[in-house]
Every structure is written in C-alpha cells, then in structure tokens.
Amino acid sequence: MNYDRIVYMKNLKLLEQFRSFYVRNYPDDMEIQIDYFAIFGGLGWDIDTSKPINELIETLVLENFREIDESIIELTSENKEYSRLLRALAVGDRRIFSAFNKAGLNNQNGGIALNYLQEKGLIQIEFSREEPARSLNPNGPLKREVSRHRISHKVLFTYPFIRFWFYFVIPHVKEIIKGDYDNFFKDFETRQNGYTSLVFEELSEVLLNYNLRDSQILSSGSYWDANIEIDILTITDDESVYVSECKWTNHKVNKKELHKLREKCERLDLEPTQIIFFSKRGFSKELEQNQSKELALYTSHDFEALVKSTRPDEMIDGLFN
C-alpha cells in the first residue's frame, strides 16, 4: 500500500467521525466541537454539548466506568500487554520503540501487541519520513550519537475516546472505582489543552488536505527526526511544500512562532511554498498583518468547512456498536 493511500485512509476515518459527531450533536461552535470531539469522538453517543465538559465526563464516563472498562478489556482480549502499550502510546511521544520501553515490552512481544491493536482498528501507524543518516565522509563512520539513533515510526489512535481513556482514566482507576474523582479532574484541568493538541493537529491536517483537494498530495503528515519536529509537512505533485504548526492553547500565536518555524525549515533545507498556522485562540495583530500567499492563518472557526455540507444520514456507528 503506498504512502498517499495510507494518508487518505487515516484522514478519511477521522473526518467521518468528526462529521458524525457534528450532525449527531450540533455544538454551538467549532471550538466546542473540537474540545468535546477530542474526548467523546468515536463513541457514537448523543452528547449535550451545552453542558460543561467536566459534568459530561463524570456522568457519562466515570459513573459508567465498569461498563466501559469491560468493553475496552474485550477489545484488548484481556491482554495486559496490549493495555500497557496503549497507555504508553497515549501519554508518550507516540514513537513505537519508546512506547515499547515504557510498556516494558521487547521488540518481539511489543510487535505482537502492536500488530493486534492495528488489526483491531484501535491504532494506525504514522510512518517516518526521516532519511537514514549518512557520514559527510563517504568512507568514514558515523558519529556514535548519530549511529545509535533509530528511525522510529509513530502511532495514532483511531478513536479519540480510546486515547482519552488511557491518557486520563486509567491512571486514576482505584480512585474512580471508589467514586473519588478529585485527582482525575485536577489532572484533566491541568493537561486538557496539551491532550487536545494532538487531535487538533490531526484535524488541521485534514483541513489542509481538504483545502488542497484540487492538487495531488504526494505525502502528508507530521515530520520528525533526531533534532526537529514539524506538526504538518505536506508535499504536492507540483513540488509545492506546505509547512504547518498547530497551537491549541489559550494564547494568541505571535510572530515569534513564525521565526521558529522558518528556522526549522532552514535546518531541513526546505523552501516552503506556504507556511500555515492553526490556532485555537487566533493570532497577534502583527502576525495577522503578515498574511499573504506565503502565510495562511486558520482559527477553530475555519473547521466549519469540514462539516458544513454534512447530512444526518452520514452518522456512523460508534466504537462499541
């Protein structure tokens, strides 16, 4: 299966869930849509998005912990190694080898767990586009720190709720069973934006690819190597290069972030056709004044483009259906 086909399938699954969540619940705005989708996405439940998110988590998830836990145990075939790997993938840097280490798995049993979770449709592989290191001297050895670096693919969760479960719920199991939710909500309130950032990044790639639908996308996804990470790097068949960063924070993105991204591009010897920022809370006036063909700025409001023509009959089954 070629890379662009993998990208298409990954984006299509997330887009289907995003649209289904929208037509099922009709939230008031796209910021609410993204925040609530990052938690309940994939469940296929009716969610009253006019209610506070903490209240919904308590009544729909925490108070129904045992029933949901039984369903997830069934999905993982009651295998603790599979659950440990999901936990490591949820809270870590998503790199496969580091997740194996966090979960106490070696390459063999880690590979078995990874393959099972992938076949079950719970996770998807995001393939690295890093080039193997080469010595500047064709006949010389690589430096030790370079030669020890392992190119590692990453993992994405197919359903946002599964990642939410292993990111926030599993660490507080004992307290939740006792009906004590205080530490869970302290943890959630501290790390909610950081948690939602990954879903926002995935949806931003979907929106970018949607806006480039008249072009043939050769490759798209995040880029990472030993030293640099870029949220989205998309290349089209006419050799156009789109470089994007996604900020799900309560602060406006300013020109400093533009300088940082340009520096990353220079280090990678990239000449972007367009730099794009996706932001939860908008941009500084200085950055807005720099908008041009070379710089595009998107806020959560712009994600309406992904759902505006969605029909009620496009709702899909949820994770436990």
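Values in this text are rule-based calculations from the coordinates and carry no lab data. Quick caveat: nothing in here was measured; it's all calculated off a predicted structure. Ideal geometry is used to build each Cβ from the backbone, glycine not excepted, and the neighbour counts take in all protein chains shown.
Here the Karplus relation 6.51 cos²θ - 1.76 cosθ + 1.60, evaluated at θ = phi - 60°, turns the backbone of the stretch 280-294 into coupling constants of 5, 10, x, 9, 5, 4, 4, 6, 4, 5, 8, 4, 6, 4, 8 Hz, with x for every Gly and Pro. Note on the chain: antiparallel DSSP beta bridges, both residues inside, total approximately 55 percent of the bridges counted. Toward the positive end of the charge dipole of the chain, with +1 on the Cβ of Lys and Arg and -1 on the Cβ of Asp and Glu, the farthest Cα among 115, 14, 77 is that of 115. When the chain is treated as a GNM with alpha-carbon contacts under 10 Å, the residue of 108, 17, 33 showing the greatest mean-square fluctuation is 108.
Using 0.36 nm times the number of residues separating residue 26 and residue 98, minus their current alpha carbon distance, what extension gain do you get? Please report the intermediate quantities before stating the final value.
Values: separation 72, 0.36 × 72 = 25.92 nm, distance 3.86 nm.
Extra length available between residue 26 and residue 98 comes to 22.1 nm.
Specify whether the C-alpha gyration tensor of the stretch 165-230 places it in the rounded, prolate or oblate class, a ≥ b ≥ c being the square roots of the eigenvalues: rounded for a/c under 1.5, otherwise prolate if a/b is larger than b/c and oblate if not. Prolate, since a/c reaches 1.5 and a/b exceeds b/c.
Rounded to the nearest 20 Debye, what is the dipole magnitude of the chain about its Cα centre when Lys and Arg each give +1 and Asp and Glu each give -1 at the C-beta?
Numbers: 41 positive and 52 negative charges, 231 e Å.
Once rounded to the nearest 20, the dipole reads 1100 debye.
Just in the stretch 227-312: which trypsin sites (Lys or Arg not before Pro) are loop by DSSP and have at most 12 other Cβ atoms within 10 Å? Write out the running numbers ahead of the final one.
Values: sites: 247, 252, 255, 256, 260, 262, 264, 267, 280, 281, 285, 293, 308; in loops: 252, 280, 281, 293, 308.
Here the sparse-neighbourhood loop sites are 293, 308.
Could you please tell me the mean projected area of the C-alpha convex hull for the stretch 205-306, averaged over all directions and given in square nanometres to one decimal?
Value for the stretch 205-306: 6.5 nm².
Taking amide H as placed 1.01 Å from N in the peptide plane, the amide H of residue 283 sits under 5 Å from that of 253, each at least 5 places away or on another chain. Evaluated with a Cβ-only charge set (Lys, Arg +1; Asp, Glu -1), the stretch 205-306 carries a dipole of roughly 620 debye about its Cα centre, given to the nearest 20.
Taking every DSSP helix (H) stretch of at least 4 residues in the chain, weighting each as -39,500 (n - 2.57) and dividing the sum by the residue count yields a mean residue ellipticity at 222 nm of -13500 deg cm²/dmol. For the stretch 227-234, the Karplus equation 6.51 cos²θ - 1.76 cosθ + 1.60, evaluated at θ = phi - 60°, returns couplings of 10, 10, 10, 10, 4, 9, 10, 10 Hz by residue, with Gly and Pro reported as x. In this calculation the C-beta distance from residue 45 to residue 214 is compared with R0 = 25 Å, giving a FRET efficiency of 0.10.
Summarising the amide proton neighbourhood of residue 247: residues at separation of 5 or more, or on other chains, whose placed amide H is nearer than 5 Å comprise 278, 279, 280. Loop-located trypsin sites (Lys or Arg not before Pro) in the stretch 158-244 (DSSP state other than H, G, I, E, B) with a sparse environment of at most 16 neighbouring Cβ atoms within 10 Å: 178, 213.
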